[in-house]
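Only one structure is covered here, and it is reproduced in the block below.
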Amino acid sequence: MDVIQILRTIQNDPIHLLDAEIPHASYVPLDLSVDNSELKTVDITAVSECQHYIDQVLEANHARVAYGGYLEKRALYSKSENFAGPTARNIHLGMDFWCVAGTKVLAPLEGTVHSFGNNTTPGDYGPTIILRHTLGDFEFYSLYGHLSEASLDGLKKSKIIHQGDQIGTLGVAKVNGGYAPHLHFQLIVDIQEYDGDYPGVCHETDLNFYAKNCPNPNLLFKL
Ligand SMILES: [Zn+2]
């Protein structure tokens, strides 16, 4: 058994990550990859254009949450110095859930607070929380990025979190690193020395390592 097999065995009824009053039937897949021809005329690095595109997808599908992005190669980071340089990072390691700012973020599994922080570099996560989970003999972590600043108020390391507890809300572009509001959710097997932060995007030369260390979050949500 490994963490991936353990995650596959969790068969609880819908596991909620956002406000449980939004049914999974209101979720629609979103393709933000460089292969999506609809994005050819959209500058998704501009918050308003990105939001407009997402709103169109939501409206066309009568949906409230647009999700996706695991191992997606994206142009979203091309303007941010945080990802630039000769080893430019553009492969997304988590799953994103695009929904209005202020939407409740819930713990999908029980755990404890491993760490948290406000990663304020433009293009980064902004307010971020990492939880530690134990399933059987395995320990792994989940990361929640692009939260509101209030999500970190009064938080303490090792705080016990129950499944379904509200751990925060989605932040606005001004505090979330400069993006249309969304939750970045990532599973991490080995957190290494990271604290309140972990790479959410990688260069393709590092993809083998990260794809293994960061399993597909949809193993949990089964959307
Ligand atoms: Zn993301």
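Please treat every number below as a calculation from the coordinates, not as lab data. Everything numeric in this text was worked out from a predicted model, so none of it was measured. Note that we place each Cβ from the backbone using ideal geometry, even for glycine, and neighbour counts take in every protein chain shown.
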* **Considering only the chain, percent of DSSP beta bridges that pair antiparallel, nearest 5** => 90
* What's the extension gain from Ala25 to Lys174 if we count 0.36 nm per residue and subtract their Cα-Cα distance? -> 50.7 nm
* Structure fact -> Within the stretch 1-106, the percent of DSSP beta bridges that are antiparallel, given to the nearest 5, stands at 65
* Structure fact -> For Gly178, other-chain or 5+-apart residues with amide H closer than 5 Å (H placed, Pro excluded) are Gly123
* To do: Determine ³J(HN,Hα), in whole Hz, for all residues of the stretch 91-103 in sequence, where each value follows from phi through the Karplus function 6.51 cos²θ - 1.76 cosθ + 1.60 and θ = phi - 60°; x replaces Gly and Pro.
  => 9, 7, 9, x, 10, 9, 10, 8, 7, 5, 4, x, 4
* Structure fact -> For the stretch 3-221, the count of lysine pairs 8 or more apart or interchain whose alpha-carbon atoms are under 20 Å apart comes to 7
* Give the longest segment of the chain that steers clear of GluC sites (Glu not before Pro) in DSSP loops with at most 13 neighbouring Cβ atoms within 10 Å, not counting the sites themselves. => 22-192
* Structure fact -> If one builds a Gaussian network model of the chain from Cα atoms under 10 Å apart, the most fluctuating residue listed among Gly126, Gly102, Gly171 is Gly102
* Asked: Under the classification rounded if a/c is under 1.5, otherwise prolate if a/b is larger than b/c and oblate if not, where does the stretch 78-213 fall, given a ≥ b ≥ c as square roots of the Cα gyration tensor eigenvalues?
  -> oblate
* Rounded if a/c is under 1.5, else prolate if a/b beats b/c, else oblate: with a ≥ b ≥ c from the C-alpha gyration tensor eigenvalues square-rooted, which is the stretch 1-121? -> oblate
